[in-house]
Every structure is written in structure tokens, then in C-alpha cells.
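Below is one structure, written out as C-alpha cells; comments come after it.
The values are calculated or read from the model by the stated rules, or taken from the named source; none is laboratory data. Quantities reported herein were computed from a predicted structural model and do not represent experimental measurements. So basically every Cβ, Gly included, is an ideal-geometry build from the backbone, and we count neighbours across all protein chains shown. We work out accessible area using only protein heavy atoms, side chains counted, and drop any ligands, DNA or RNA first. Shrake-Rupley method; radii C 1.70, N 1.55, O 1.52, S 1.80 Å.
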Amino acid sequence: MLNTSISCEAINRQCCCFNMRKVTRAVTQYFDRFLEPAGVRATQFTLLVALFSTKGKTLTEIAETLVMDRTTLTRNLKPLEKTGLIATVVTLDKRSKAYVLTEKGEQIVEKCVPLWQKAQESVVNSLGDECYQDIVSKLSRMLSITGNNKERKK
């Protein structure tokens, strides 16, 4: 038996981490449904967009941009590489790997953008533009509290 003055149910109701993860899973699943016709999941779309219009980003650069640990990122990049949506490129520093979108990857992003736009518009329209902008602003503040806000570090 847990010996504490606060119940586990109360922790789950109040916990920022628990509630943020629950919402992000639900939003990810929502966007997945919109992106399904392109054969891409929302998490994969995010990675592809991060690589769009670059000559190559290293694993570390991508991880920092997306606030992901390198191990999780590597695991998420493998299926994209296996299906030919991304490729590795040689870097000046032979110890690091860099990734670029392939032509097939660029085509998938172009196919996904209108699907993503529909999902995005659905969310914004449901919440209202002012509410949505307020949420984005508050999420940015939450990110800076954690010390992971790239813009804050510049």
C-alpha cells in the first residue's frame, strides 16, 4: 500500500507530465487518422518535415530540434530508411551520420501536407483561433521551463 497523503488518482488528475502525455498520444492518434492515406504516421511526418529542405542533418541536430533522445530517434528513423524515404549521407566528421530525404521522401511529404492541413484546420477550428494560439503560447512557455526550448538558448 502506498503511504502518502495524496492518492494516485489525485496525482494523475494533477500531474503535468501524465496529462501532457495523455493529450499528446490522443492528438497523435487523431493526426494519424488524417495521414493514413499517405501511409505515414504523425510521428514519421514530423521527422520527414524536420529533414525537408536540408542538405543533411546529423542525428544530434535532429534530436535537439525535436527534443528527442538519440536512441529513440534512431529507432524511429530506421523504418523511414528501410522504406527509402530517407538516406544517410557522408559528413565531414566521419564519426557522425547525417540524414536527408530521398526523392520518394519528398513526394510523401508533398502528399502529406494537404492531409496534415486538414487535421490542423480541424483542431484550430474546433478550438477557435484565439484558444489555439493561447495553447501554443502556453506550450512554448512549458518547453522553456524544461530548459529544452531551442529558441531560448540562442
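Among the residues of region 20-60, those identified as under 19 Å from Gln120 (Cβ atoms) and charged (D, E, K, R) are Arg25, Asp32, Arg33, Glu36, Arg41. Screening Phe31, Phe18 for residues that are open to solvent by 60 Å² or more (accessible area, probe 1.4 Å) and not in a loop (DSSP other than H, G, I, E, B) leaves exactly one candidate, Phe18. The condition of being surrounded by 12 or more Cβ atoms within 10 Å (Cβ to Cβ), among the aliphatic types (A, V, I, L, M), modelled with pLDDT of 95 or more and not in a helix (DSSP H, G or I) holds for only one of Val40, Val100, that being Val40. Please work out if Thr88 is over 16 Å from the mean Cα position of the chain (by Cα) and open to solvent by 30 Å² or more (accessible area, probe 1.4 Å). Judged against the criteria, Thr88 is a match. Looking across Val123, Val113, one residue alone is open to solvent by 30 Å² or more (accessible area, probe 1.4 Å), of a type in the set (A, V, I, L, M) and touching a residue at least 40 places away in the same chain (Cβ under 8 Å). It is Val123.
Okay, residues lined up against (1) over 17 Å from the mean Cα position of the chain (by Cα); (2) modelled with pLDDT of 95 or more; (3) not small (Gly, Ala, Ser):
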{"site": "Pro79", "(1), (2), (3)": "no, yes, yes"}
{"site": "Lys94", "(1), (2), (3)": "yes, no, yes"}
{"site": "Val109", "(1), (2), (3)": "no, yes, yes"}
{"site": "Val113", "(1), (2), (3)": "no, yes, yes"}
{"site": "Gln117", "(1), (2), (3)": "no, yes, yes"}
{"site": "Gly128", "(1), (2), (3)": "yes, yes, no"}
{"site": "Leu143", "(1), (2), (3)": "no, no, yes"}
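Going by what's in this entry, would Phe45 be described as within 17 Å of the chain's Cα centre (by Cα) and surrounded by fewer than 19 Cβ atoms within 10 Å (Cβ to Cβ)? Criteria not met by Phe45.
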